[in-house]
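Q: Here it is: the structure, laid out below.
Values quoted throughout were computed directly from the atomic coordinates according to the rules given, and no laboratory measurement underlies them. Keep in mind that what you see is a predicted model, and the values were worked out from it rather than measured. Here the Cβ positions follow ideal geometry from the backbone for every residue, glycine too, while neighbour counts run over all protein chains shown.
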Amino acid sequence: MSVKVKDIMGVMESIAPKKLAEGWDNPGLAIGDPEREVKKILVALDVIEPVIEEAKAIGADMIVTHHPMLLFKKIESITTENALGRRIFNLIENGIAAFSAHTNLDVAQGGTNDVLAELAGLQNIEILDETWAQALKKIVVYVPVGHEDVVRNAMCEAGAGHIGAYSHCTFGAAGKGTFLPLEGTNPFLGEQGKLEVADEIRLETIVPAEQVNAVVKAMISAHPYEEAAYDIYPVEQKGKKEGIGRIGELPEAVPFREFAAMLKEKLHLDAIRLVGDGDKMVKKVGLCTGAGVGFVALAHAKGCDAYLTADIKYHDAQEAVEKGIAVADVTHYESEVLIVPVLQKKLTEAAQKNGWDMEVVCSRVDGQTFWHV
């Protein structure tokens, strides 16, 4: 079965919903036709010239990356007189689409931060900084006694009733409902022109705001009444929470230099930059892939002994030393390139599940090599 660019965009939306991205970010389809057929995808960290040439060489129709191609750059014209313009021309001329999932992939469960936390051996993982919380609504519907199970199941199967790790969470209270069927009605109970008093259950449950319409549709379809009576209420509490960075614990406390040496080996780094006391015992660790040095103070405030990130500057290092938190610069590239094989696997699984005739390949370009000595 053939697959189009827009189908891949749908898969990526399920992996890293765009709503999770920071306001300043620019993830999504940067170059390409959503209707174009895709037979091969190249997954990389960046849409740089060597990656584009690699895509051309292997016959890829689409490049999926973590870093957006069009970010932090004001585009006033597209010409071959600058590097960005040449890349745009190269992609368009060769019919290659470019798509990215950036901060939304950092925030999403199973994204860059979770992959780094797993590599670091952390347990009891939590969000470092909450950036998104699911809005909730409460739906109340009145159901004749004996039909509440059918209506409940329909609503919960449509997405209602989830609280933490529990599903089908509802509450029911018995009461009396009244209604008077008017001319032209075909009532489930009672008859036209006569006031009916019915034994009913007030059934209520929580539902994510974005799923209200689907749940109401399912409820109405399952409800025996010709006209179902229901209410939708706003609620203060939030549902599922997502955020940037992670905090976790090592199985046992180890000296910072020993922990850093393990990271250096697992990340295949030639060297690792460390800030702080190498003999400091480390148990609780915070991290943020890429340039996450802005969260050092938060990690310290949350009791972290050490923090992993990249792009640490001189004054950032001074601040960390003053706070007494050990910091390891695991490099921007190596902290995030870990997501490339993860995306390749997820896209391949989606292709197999949907019966798509498509191949997904990891880039062989080393984006960390900027010069040779």
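Q: About the Cα centre of the chain, what is the dipole size in debye to 20, counting +1 per Lys and Arg Cβ and -1 per Asp and Glu Cβ, all else neutral?
A: Values: 37 positive and 55 negative charges, 35 e Å.
The calculation lands at about 160 debye.
Q: Something else now. Highest mean first, what order results for 187-196, 51-60 on Cβ atoms within 10 Å?
A: Per-residue Cβ counts within 10 Å, averaged per peptide and sorted highest first, yield 51-60, 187-196.
Q: Let me ask something else. Full extension from Ala253 to Asp199: what is 0.36 nm times the residue separation minus their Cα-Cα distance, to one decimal in nm?
A: Length gained, Ala253 through Asp199: 13.3 nm.
Q: Just tell me which lysines come within less than 27 Å, Cα to Cα, of Lys176; anything on the same chain fewer than 8 places away is out.
A: By straight Cα distance, Lys176 reaches Lys137, Lys138, Lys194, Lys217.
Q: What spacing in nm lies between the two simple spin-label points modelled at Tyr166 and Met1, each 7 Å away from Cα in the Cβ direction?
A: Rounded to a tenth, the inter-label distance reads 3.7 nm.
Q: Now, a different point. Using DSSP to define loop residues, name the trypsin sites (Lys or Arg not before Pro) in the range 334-370 whose beta-carbon has at most 15 other beta-carbon atoms within 10 Å.
A: Counting only loop positions with at most 15 other Cβ atoms within 10 Å, the trypsin sites (Lys or Arg not before Pro) in the range 334-370 are Arg364.
Q: Explain nothing, just the number: dipole magnitude of the range 286-347 about its Cα centre with +1 on each Lys and Arg Cβ and -1 on each Asp and Glu Cβ, in debye rounded to the nearest 20.
A: Working: 5 positive and 8 negative charges, 64 e Å.
Charge dipole, the range 286-347, about its Cα centre: 300 debye, nearest 20.
Q: Apply the Debye scattering formula to the chain, with a single equal point scatterer on each alpha-carbon and no solvent, then give log10 I(q)/I(0) at q = 0.08, 0.09, 0.12 Å⁻¹.
A: -0.57, -0.68, -0.98
Q: Here is a further query. Please report, in Å, the Rg and the Dmax of the range 280-359, where both are computed over Cα atoms only.
A: 17.6, 56
Q: To continue, here is another question. How big is Rg to Rh over the range 261-325, alpha-carbon atoms, Rh as the Kirkwood inverse-mean-distance radius?
A: 0.93
Q: Same structure again: How much length is gained on full extension from Glu49 to Gln368, taking 0.36 nm per residue of separation minus their Cα-Cα distance?
A: Separation in residues times 0.36 nm, less the Cα-Cα distance, equals 113.5 nm.
Q: With a point put 7 Å past each Cα toward its Cβ, work out how far Ile78 is from Asp277 in nm, to one decimal.
A: 5.6 nm
Q: Still on this structure, please answer the following. So, in Å, what gap is there between the alpha-carbon centers of the range 243-320 and the range 23-38?
A: Result: 34 Å between the Cα centres.
Q: May I ask you to give the average projected area over all directions of the convex hull of the Cα atoms of the range 144-259, in nm² rounded to one decimal?
A: Values: hull surface 44.3 nm².
For the range 144-259, averaging the hull's shadow over all directions gives 11.1 nm².
Q: Moving on. Pairs Lys266/Lys345; Lys264/Lys346; Lys74/Lys345: which exceed 25 Å Cα-Cα? Don't skip to the answer; put the middle values down first.
A: Working: Lys266/Lys345 20 Å; Lys264/Lys346 27 Å; Lys74/Lys345 34 Å.
Table pairs above 25 Å Cα-Cα are Lys264/Lys346; Lys74/Lys345.
Q: Work out, step by step, the length gained on full extension between Glu359 and Glu227: first 0.36 nm times the residue separation, then minus their alpha carbon distance; give nm to one decimal.
A: Using 0.36 nm per residue and subtracting the Cα-Cα distance, I get 42.5 nm.
Q: Could you tell me which of the pairs Lys280/Lys302; Lys56/Lys353; Lys240/Lys353; Lys19/Lys302; Lys284/Lys323; Lys238/Lys284 are separated by over 19 angstrom between their Cα atoms in the structure shown?
A: Values: Lys280/Lys302 17 Å; Lys56/Lys353 27 Å; Lys240/Lys353 27 Å; Lys19/Lys302 26 Å; Lys284/Lys323 15 Å; Lys238/Lys284 27 Å.
Check vs 19 Å cut-off fails for Lys56/Lys353; Lys240/Lys353; Lys19/Lys302; Lys238/Lys284.
Q: Given a cut-off of under 8 Å on Cα pairs at least six residues apart, what relative contact order in percent is computed for the range 1-96?
A: For the range 1-96, the relative contact order is 29 percent.
Q: What FRET efficiency, computed as 1/(1 + (r/R0)^6) with R0 = 30 Å and r the Cβ-Cβ distance, is obtained for Glu236 and Asn124, rounded to the nearest 0.05? Write out the running numbers ahead of the final one.
A: On the way: r = 28 Å, r/R0 = 0.93.
Between Glu236 and Asn124 the formula returns 0.60.
Q: Quickly estimate the mean residue ellipticity at 222 nm for the chain, helices only: each DSSP H run with n ≥ 4 gives -39500 (n - 2.57), and the total goes over all residues, rounded to 500.
A: -9000 deg cm²/dmol
Q: Mind pulling the angle between the C-alpha long axis of helix 148-157 and the longest principal axis of the chain? Nearest 10 degrees, somewhere in 0 to 90.
A: 20 degrees
Q: Remind me, relative contact order of the range 87-245 in percent, using alpha carbon pairs under 8 angstrom and six or more residues apart?
A: 37 percent
Q: Can you compute log10 of I(q)/I(0) for the range 214-352 with the Debye formula, treating each Cα as one identical point scatterer, at q = 0.13, 0.20 Å⁻¹?
A: For the range 214-352, the Cα-only Debye profile gives -0.66, -1.17.
Q: Antiparallel as a % of all DSSP beta bridges within the chain, to the nearest 5?
A: So the antiparallel bridges amount to about 70 percent of the total.
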